[in-house]
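The values are calculated or read from the model by the stated rules, or taken from the named source; none is laboratory data. Worth saying up front: this structure is predicted, and the values here are computed from it rather than measured. Methodologically, a virtual Cβ is constructed for each residue, glycine included, from the backbone with ideal geometry; neighbour enumeration extends over all protein chains shown. Note: accessible area is taken over every heavy atom of the protein model, side chains too, but ligands, DNA and RNA are not part of it. Shrake-Rupley method; radii C 1.70, N 1.55, O 1.52, S 1.80 Å.
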Amino acid sequence: MDEGTSQYYFTASMESGKLLCSLLKAIQFQECAVFCAMPEGLKLTVEEGKCVQASAYVPADNFTEYHIRDDVDVMFKISIAVLAECLNIFGSGEESSLKMYYRCEGSPLLLVLQPLSVHNVMTDCEISTQTADALLDLRDEEASEVAKLVLKAPAFFGLLSDLERSCDILELNLSPEHPNVSIVTYGMQDRSCIDMPKSSDMVQTFSCDEAVTLKYQLHHIRLIMKALALSTKVFLKFSSNGLLLIQLKMEKEDQRQMFSEFHIVPLLD
């Protein structure tokens, strides 16, 4: 492992893998993820049916070393549950340095972890990889942005936590007129409504040129909750085709950032 990086498609190291582990658990609603190493950073993506696509982004500046061979594509399928378990192998209370190695297509991903509180102790884990499945392409060049919100993540987490769990559908009414944002939930017998004007302490930015109503499965919205609990700020962007993009920003103590991103397909009447 110390013979240099040229023999590997991908190598990376970071001082602590704890936050990476938390970020992976935030999108761990499927067994496997597509692992993609790009020059700008690491991206892991999971999907639920053809309705939700979630990604965790770790920009390259979060790593102390980060190298990709420029003549290959580094993309493979891996068990996100096993990866998170390996990153947490010394326990949730222990921070460990992390090194990752991926030799070539079909080879396992090798992790080397060393607890920061104990000297001369380390462990290595090999996680099998598979050929990556094709991911959904949810981009629509003809769709335009109809509304955008920037919210304080802790407050938005509290709002979603208070929504009635028996409800199935979440309706968002967005308008340039007061109250700007109305969140309506529907269940078998229940209907509730929460208004969120742009003057609310939760709202940092609001942009909407004309009134629009969009509906989503509440179950799909709730998939962001683990990521939301780790985040400081949340961005919501609505397209004219109803596609909802939710971006969640996590800030480390050194001010470097990691992100998670959710694309959620709307319900169509």
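Measuring between their Cα centroids, segment 28-48 and segment 101-142 lie 10 Å from each other. Multiplying the residue separation of LYS77 and HIS178 by 0.36 nm and removing their Cα-Cα distance gives an extension gain of 31.7 nm.
Can you tell me how segment 81-150 classifies by the Cα gyration tensor, rounded, prolate or oblate, using a/c under 1.5 as the rounded cut? Oblate shape, in that a/c is at least 1.5 and b/c is the bigger or equal ratio. For segment 211-267, the fraction of 1.4 Å probe accessible surface lying on carbon and sulfur atoms is 49 percent.
FRET efficiency for the pair ALA211 and LEU163, taken as 1/(1 + (r/R0)^6) with r the Cβ-Cβ distance and R0 = 22 Å, rounds to 0.45.
What does the C-alpha gyration tensor say about the overall shape of segment 1-115? Classify as rounded when a/c is under 1.5, otherwise prolate if a/b is larger than b/c, or oblate.
Numbers: a/c = 1.72, a/b = 1.13, b/c = 1.52.
It comes out oblate by the Cα gyration axes.
3J(HN,Hα) couplings calculated from phi for segment 154-165 with the Karplus curve 6.51 cos²θ - 1.76 cosθ + 1.60 (θ = phi - 60°) are, in sequence order, x, 5, 5, 4, x, 5, 5, 5, 7, 5, 5, 6 Hz; Gly and Pro show x. Probing with 1.4 Å while keeping every protein chain in the model, the per residue accessible area of the chain equals 52 Å². Label positions at SER92 and GLU126, each projected 7 Å from the Cα along the C-beta direction, are separated by 3.1 nm.
Rounded to the nearest 0.05, the FRET efficiency derived from the C-beta distance between GLN189 and ARG222 at R0 = 25 Å is 0.80.
Taking only the C-alpha atoms of segment 126-167, Rg followed by Dmax gives 18.5, 46 Å. In order along segment 60-71, the phi-based Karplus estimate (6.51 cos²θ - 1.76 cosθ + 1.60, θ = phi - 60°) of 3J(HN,Hα) comes to 4, 6, 7, 9, 6, 9, 8, 9, 10, 5, 7, 9 Hz; Gly and Pro are listed as x. Per-residue 3J(HN,Hα) values for segment 115-129, derived from phi via the Karplus relation 6.51 cos²θ - 1.76 cosθ + 1.60 with θ = phi - 60°, read x, 6, 8, 10, 8, 6, 10, 7, 9, 10, 10, 10, 10, 5, 10 Hz in sequence order (x marks Gly and Pro). Note on SER199 and GLU251: with the Förster distance fixed at 30 Å, the Cβ-Cβ geometry gives a FRET efficiency of about 0.70. List the residues of segment 77-106 whose backbone N lies under 18 Å from a point placed 7 Å from the Cα of GLU31 along the Cα-to-Cβ direction. Hits in segment 77-106 for GLU31 at 18 Å: 77-86.
Note on GLU142 and LYS237: the extension gain reaches 32.7 nm, defined as 0.36 nm multiplied by sequence separation minus the Cα-Cα distance.
Solvent-accessible area of segment 1-142 (1.4 angstrom probe, protein heavy atoms only): carbon and sulfur portion equals 46 percent.
For the listed residue pairs LYS77/LYS215; LYS18/LYS233; LYS43/LYS99; LYS77/LYS249; LYS99/LYS252; LYS99/LYS152, the alpha carbons are over 22 angstrom apart in LYS77/LYS215; LYS77/LYS249; LYS99/LYS152. The order of the peptides 152-164, 21-33 by mean Cβ neighbours within 10 Å, most packed first, is 21-33, 152-164. Our note on the geometry: Cα centres of segment 176-199 and segment 55-81, 40 Å apart.
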